Amino acid sequence: MFDVIVVGGGPVGSYAAGELAGRGHRVVVCERKNIIGEDVCCTGIIGREAFSMLPLAQMAGSAIVREARAASLFSPSGRLIRVSKEETQAYIVHRPVFDAELARWAQGKGVEYLLGGGVRSVRSGGSSVAVDVSGRAAPLEAKVVVLACGFGSPLPQKLGMGTIGDFVVGAQCEIGIDGLNEVEVYFHRPDRSGFAWLAPTFEGRALAGLLTRRNPGENLKSFLEYVRLRGKVIKNEGKISYGSIPLRPLPRTYGPRVLVVGEAAGQVKPMTGGGIYYGLIGARALVEVLDEALKKEDFSPSRLRQYEKLWRASLGRELQLGYLARRVHERFTDGQIEWLFGWLGTDGVVDSMLAAEGSAFDWHGRVLLRALRHEPFRALWHSIRGAR
């Protein structure tokens with residue numbers, strides 16, 4: 001019998017598994033895909049804090065494609081605001097390599113991987129949990145199960161933890177491009193519910209994508225035509241990939257000998273849909289609680305509830321502010337976005353927004369609170385929130 005079964009071999013699952021194994025616990029990861037990192041719909045932009053606070057640089061430094069110190073933001077009319085800092089703010093990684101490096105790191109800690117092992121059900125008994133895995137006649141057994149299976153898995157709901165009530169869809173493809181050296185973000189929004197981006201990767205290549213609530217494929221094609229007419233896209237070289245992204249956390253992330261982490265728990269930045277960093281913060285809280293539970297053989301609700309208290313203490317306020325900002329953003333008209341770009345172009349405003357360390361990339365609530373100190377933005381914010 002294993003100490004821990006981790007369902008899902010993405011970055012969050014591998015990180016949690018490796019940390020638990022490094023503390024002396026026997027861990028196995030069940031991953032439904034046959035290859036770690038296969039068919040991932042993710043731009044792979046990871047903030048500097050994730051690399052500095054957690055040992056990702058040592059785990060997956062070879063996956064870094066380029067560093068990001070600046071980004072260009074474009075209004076619907078094409079007005080440009082460029083935000084930049086002298087030091088690196090984020091890293092663009094090649095996700096298949098990144099995921100594979102994390103898995104290798106975890107294996108080096110003693111984690112076993114069961115690839116092609118889709119989990120059909122999780123059944124909690126009195127002193128163990130049974131996990132039914134595709135292709136195996138007998139279930140795997142463990143003292144506790146960690147669900148790091150991404151958003152959309154039915155397992156949390158089947159185990160009585162509820163459902164995530166709001167989400168968007170991401171669509172992305174690889175393109176050929178010329179002269180793109182930094183991330184570009186476009187508020188050219190066919191349905192007003194999201195934004196689009198170009199993110200340079202390898203020489204002459206980039207990822208083009210968007211977040212939206214409807215028609216992701218058609219909206220991405222519209223965006224590609226928009227940037228093509230502006231001479232940026234040389235060739236559309238890849239098929240479109242899709243992924244659903246949660247905007248709210250799961251109502252409860254612990255149950256009888258089961259914990260949920262990462263996108264499956266809704267530990268995702270609501271404004272941008274980035275899930276790696278917040279998922280890793282959740283995994284760090286999970287490891288602390290679960291390590292203690294395993295040492296004391298105590299899997300009571302009061303013990304496992306500590307995990308939820310820890311991760312919500314770190315992320316709860318940010319998730320609430322980020323979701324509120326997203327919902328207000330969805331009500332902006334193009335004219336209001338143009339006004340906002342004009343206001344941000346005022347001397348000193350952007351610098352004020354970026355003053356908090358790490359605020360621009362990973363902690364959007366800090367940016368919102370700083371913006372609300374300025375009367376023009378505060379007036380616009382309250383007018384949109386109050387509109388019906």
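The values are calculated or read from the model by the stated rules, or taken from the named source; none is laboratory data. Computed from a predicted structure; not experimentally measured. All Cβ positions, glycine included, derive from the backbone under ideal geometry; neighbour counts span all protein chains shown. Each accessible area value is taken on the protein alone, full model and side chains, heavy atoms only, with ligands, DNA and RNA left out. Shrake-Rupley method; radii C 1.70, N 1.55, O 1.52, S 1.80 Å.
Per residue, region 1-103 exposes 39 Å² of solvent-accessible protein surface, assessed with a 1.4 angstrom probe and all protein chains in place. Shown here for region 168-218: GluC sites (Glu not before Pro) in loop regions (DSSP other than H, G, I, E, B) with at most 10 other Cβ atoms within 10 Å, namely E203. Evaluating kT/(6 pi eta Rh) at 20 °C and 1.002 mPa s, with the Kirkwood radius of region 64-192 over Cα pairs in the Stokes-Einstein relation, gives 109 µm² s⁻¹. The alpha carbon radius of gyration of region 227-343, expressed as a multiple of 2.2 N^0.38 Å, is 1.46. Each semi-axis of the equivalent ellipsoid for the chain is √(5λ) with λ an eigenvalue of the Cα gyration tensor; in descending order they amount to 37, 23, 19 Å.
When the chain is treated as a GNM with alpha-carbon contacts under 10 Å, the residue of V122, V29, V83 showing the greatest mean-square fluctuation is V83.
Estimated at 0.36 nm per residue, the fully extended path between L80 and L324 surpasses their Cα-Cα distance by 85.3 nm.
Scoring 206-214, 297-305 by mean Cβ neighbours within 10 Å over their residues and listing the highest first yields 206-214, 297-305.
Can you spot the lysines whose alpha carbon is less than 19 Å from K232's alpha carbon? Ignore those fewer than 8 places along the same chain. K232 reaches K221.
Can you flag which of K269/K295; K158/K269; K85/K309 are past 27 Å Cα-Cα? Beyond 27 Å between Cα atoms: K269/K295; K85/K309. For the pair R104 and R228, label points projected 7 Å from Cα toward Cβ lie 3.8 nm apart.
Note that region 1-101, at 25 °C in a medium of 0.890 mPa s, gets a Stokes-Einstein diffusion coefficient of 157 µm²/s from its Kirkwood radius over C-alpha pairs. Residue ranges 13-25, 308-320 sort as 13-25, 308-320 when ordered by packing (mean number of other C-beta atoms within 10 Å per residue, highest first). Note that region 288-345 presents 48 Å² accessible area per residue, ligands and nucleic acids not counted, probe 1.4 Å. Dividing the summed helix terms, -39500 (n - 2.57) for each DSSP H run of n ≥ 4, by the number of residues in the chain produces a 222 nm estimate of -11500 deg cm²/dmol to the nearest 500.
For region 132-182, taking the reciprocal of the average inverse distance between every pair of different Cα atoms yields a Kirkwood hydrodynamic radius of 15.6 Å. For region 91-147, the ratio of Cα radius of gyration to the globular rule of thumb 2.2 N^0.38 Å stands at 1.41. When the solvent-accessible area of the chain is split by element, carbon and sulfur atoms take up 49 percent of it, the probe being 1.4 Å.
Ordered by 1.4 Å accessible area with all protein chains kept, S62, S241 run largest first as S62, S241.
Taking the full set of protein chains and a 1.4 angstrom probe, give the accessible area of S134 in square angstrom, rounded to the nearest 10. So the heavy atoms of S134 present about 50 Å² to solvent.
Dipole magnitude for the chain: about 1020 debye, using +1 per Lys or Arg Cβ and -1 per Asp or Glu Cβ, origin at the Cα centre.
Derived scalar couplings between HN and Hα for region 159-173 equal 8, x, 9, x, 10, 8, x, 8, 7, 10, 10, x, 10, 7, 8 Hz in order, rounded to whole Hz, by the Karplus curve 6.51 cos²θ - 1.76 cosθ + 1.60 (θ = phi - 60°), x for Gly and Pro.
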